[in-house]
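Notes for the one structure printed next.
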Amino acid sequence: MSNDERLSRLRERISGAVLRPDDQEYDPARAVWNAMVDRRPAAIVRCARRSDVAAAVRYAREAGLEIGVKCGGHGIVGHAVPEGGLMIDLTPMGAVDVSPSRRRAWVQGGALLGALDRATLPRGLATTAGNVSHTGVGGLTLGGGMGWLARLHGLSCDNVESFELVTAEGETVRASEEEHPELYWGLRGGGGNFGVVTEFEFRLHPVEAEAVVADLWFPIDDALEPLRGWRDLLAEAPRAATLTAAVADVDGEPRAAIGFVWSGRRRDASELLDALRALGTPVAEQVTGMSYLDLQRMDDNVEGHTHRRYWKGHYFRELTDEALEAFVRRGTPDGRGEALPNASLQAYGGAIAEVPDEATAFSHRDAVVEFVAAARWSDPAEDEARLAGARRYAASLAPFASGVYVNTLQEDEGRAGIGRAYPAEKLARLTALKDRWDPDNVFHLNHNIAPTPR
């Protein structure tokens, strides 16, 4: 049987749609949050239910096609878009069902974070759900899942009660502390290596409807002293606060910011704000009260798919003066230059650090902060300079780093990057899981945990 015949049979068997390159919906469906990714799958299966996912996996294996899985499309590496392969598009599976009495949410694998927030927050409940509302729940959670509630309630993966998963054999299993507990361990931070998650069951927590965002901006040449004071606040900051810092060009001049995001009432954040203001006199101050729902949408960018993007990241167990100096300089002698990325520091600790390290595949719970350098541009002629700037910046901080968040890894980091995301003992445990659930490495378009060679 030819692959075209197999695809016709698949089209007849599923509830969702099968798109080919000449279909009108094909190009929007293959787009991800990085215009540098311009690959063309042989077909896209827009799955409407779990059985569609299982049928698509079986079809791809019979046809000998690589499988990419699209949740929200925010994976800027573009693993979801296999050249000449099969994209399993989960975005039609975006439903969220909430039980306020049980404090649970059942979230389909293609749901976006905004859908989760809109379903839970009117009930006074939420769970940790990233910083951009059009991110996919699936990709964020499987890698760990940092967000503004993480210091209060743990990472997204820490709040998953169970996973529903379609395996490499096209079978459906549920993973929890009681069912397939080792798989449950690996799905909390091990990425998309073990199957296609079609449903997440999340624990929910009561949350305040209010939030505060504070940023104090300083000229780059005057930023080190305030940053040192900001660093000293990390250990004592209330859990409602996620301390933040940034370096960016503002009106053509490099500046650095210190600040925080507070999940709660503005008056409760006043003491921390006073402590920040005591660290120096900024050239600009922004303190904004908003609803928590608006906080979750604050960094949204509806034109995101039209931009070219590249990220580099690190974790830090401590922030030395030398590390802060490198943060400010951005891989240059003085923090100035063309095609430099913006960068941020975001505090960890709190509930994240209280989960035992061995409880999940996610690692680096001892991190104090996460660093991300994010380059964004539109002109393809700038590709080389933009990538070089981000790599140079990250390299300048590498001597002080303790690891990396798997969701910020780039394809060019290869096995060395995987080794930075997971310590050797966890990597061995993840490899054993891969041997059990995907020995043929069907799901290899990810930050891949390869099975043991046979």
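The values are calculated or read from the model by the stated rules, or taken from the named source; none is laboratory data. Keep in mind that what you see is a predicted model, and the values were worked out from it rather than measured. Glycine also receives a Cβ, built like all others from the backbone with ideal geometry; neighbour counts cover every protein chain displayed. Surface accessibility is based on the protein's heavy atoms, side chains included, excluding ligands, DNA and RNA. Shrake-Rupley method; radii C 1.70, N 1.55, O 1.52, S 1.80 Å.
Here are the numbers:
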{"item": "Subset of region 65-102 (residues that are more than 22 Å from the chain's Cα centre (by Cα) and closer than 18 Å to Asn446 by Cα)", "result": "Leu65, Glu66, Glu83, Gly84, Gly85, Leu86"}
{"item": "Candidates Phe218, Phe194 - the one that is touching a helix residue (DSSP H, G or I) at 6+ places or on another chain (Cβ under 6 Å) and either more than 24 Å from Thr141 (Cα to Cα) or part of a strand (DSSP E or B) (or both)", "result": "Phe218"}
{"item": "Flag if Pro451 is open to solvent by less than 60 Å² (accessible area, probe 1.4 Å), in contact with a Pro (Cβ under 7 Å, 6 or more places away or on another chain), more than 18 Å from His79 (Cβ to Cβ) and assigned to a loop (DSSP other than H, G, I, E, B)", "result": "no"}
{"item": "Flag for Gly68 being assigned to a strand (DSSP E or B), within 30 Å of Ala373 (Cα to Cα) and either without any contact (Cβ under 8 Å) to a residue 24 or more places away in the chain or of a type in the set (Gly, Ala, Ser) (or both)", "result": "yes"}
{"item": "Subset of region 255-265 that is under 17 Å from Gly147 (Cβ atoms) and touching a helix residue (DSSP H, G or I) at 6+ places or on another chain (Cβ under 8 Å) - its residue that is surrounded by the fewest Cβ atoms within 10 Å (Cβ to Cβ)", "result": "Val261"}
{"item": "Counted residues, region 379-414 - those being part of a helix (DSSP H, G or I) and among the hydroxyl-bearing types (Ser, Thr, Tyr)", "result": "3"}
{"item": "Region 366-376, residues that are of a type in the set (D, E, K, R) and open to solvent by 30 Å² or more (accessible area, probe 1.4 Å)", "result": "Asp366, Arg376"}
{"item": "Boolean, Arg188 is of a type in the set (Lys, Arg), in contact with a strand residue (DSSP E or B) (Cβ under 7 Å, 6 or more places away or on another chain) and either surrounded by 20 or more Cβ atoms within 10 Å (Cβ to Cβ) or at pLDDT below 95 (or both)", "result": "yes"}
{"item": "Any hit, region 135-158, residues being in a loop (DSSP other than H, G, I, E, B), within 21 Å of the chain's Cα centre (by Cα), more than 25 Å from His79 (Cα to Cα) and β-branched (Val, Ile, Thr)", "result": "no"}
{"item": "Residue list for region 71-95, restricted to those being without any contact (Cβ under 8 Å) to a residue 60 or more places away in the chain, open to solvent by less than 40 Å² (accessible area, probe 1.4 Å) and under 16 Å from Thr198 (Cα atoms)", "result": "Met87, Gly94"}
{"item": "In region 108-133, residue modelled with the lowest pLDDT [restricted to those that are of a type in the set (A, V, I, L, M) and in contact with an Asp or Glu (Cβ under 7 Å, 6 or more places away or on another chain)]", "result": "Val132"}
{"item": "Among (1) open to solvent by less than 30 Å² (accessible area, probe 1.4 Å); (2) modelled with pLDDT under 95; (3) touching a His at 6+ places or on another chain (Cβ under 9 Å) - the single one Tyr292 does not satisfy", "result": "(3)"}
{"item": "Selected residue (only one of Thr172, Thr242 is in contact with a Lys or Arg (Cβ under 7 Å, 6 or more places away or on another chain), within 30 Å of Ala450 (Cβ to Cβ), at pLDDT 95 or above and hydroxyl-bearing (Ser, Thr, Tyr))", "result": "Thr172"}
{"item": "Residue tally, condition open to solvent by 20 Å² or more (accessible area, probe 1.4 Å) and more than 19 Å from Gln296 (Cα to Cα), over region 100-116", "result": "7"}
{"item": "Residue, farthest from Thr332 (Cα to Cα), within region 205-254, restricted to residues that are open to solvent by less than 60 Å² (accessible area, probe 1.4 Å) and of a type in the set (D, E, K, R)", "result": "Asp215"}
{"item": "Per-region count, region 415-448, residues in contact with a strand residue (DSSP E or B) (Cβ under 7 Å, 6 or more places away or on another chain), in contact (Cβ under 8 Å) with a residue 40 or more places away in the chain and outside any loop (DSSP other than H, G, I, E, B)", "result": "1"}
{"item": "Residue that is farthest from Tyr422 (Cα to Cα), among those in region 377-402 that are charged (D, E, K, R), surrounded by fewer than 18 Cβ atoms within 10 Å (Cβ to Cβ) and touching a strand residue (DSSP E or B) at 6+ places or on another chain (Cβ under 9 Å)", "result": "Asp379"}
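Conditions tested, residue by residue: (1) farther than 18 Å from Asn407 by Cβ; (2) without any contact (Cβ under 8 Å) to a residue 60 or more places away in the chain; (3) of a type in the set (A, V, I, L, M, F, W, C); (4) open to solvent by 30 Å² or more (accessible area, probe 1.4 Å).
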{"residue": "Arg267", "(1), (2), (3), (4)": "yes, yes, no, yes"}
{"residue": "Gln286", "(1), (2), (3), (4)": "yes, no, no, yes"}
{"residue": "Gly313", "(1), (2), (3), (4)": "no, no, no, no"}
{"residue": "Arg330", "(1), (2), (3), (4)": "yes, no, no, no"}
{"residue": "Gly337", "(1), (2), (3), (4)": "yes, yes, no, yes"}
{"residue": "Pro341", "(1), (2), (3), (4)": "no, yes, no, no"}
{"residue": "Thr360", "(1), (2), (3), (4)": "no, no, no, no"}
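Listed here are the residues, each with its yes/no results for (1) small (Gly, Ala, Ser); (2) under 23 Å from Ala353 (Cα atoms).
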residue: Glu169; (1), (2): no, no
residue: Phe194; (1), (2): no, no
residue: Phe218; (1), (2): no, no
residue: Glu225; (1), (2): no, no
residue: Trp230; (1), (2): no, yes
residue: Arg239; (1), (2): no, yes
residue: Val250; (1), (2): no, no
residue: Gly259; (1), (2): yes, yes
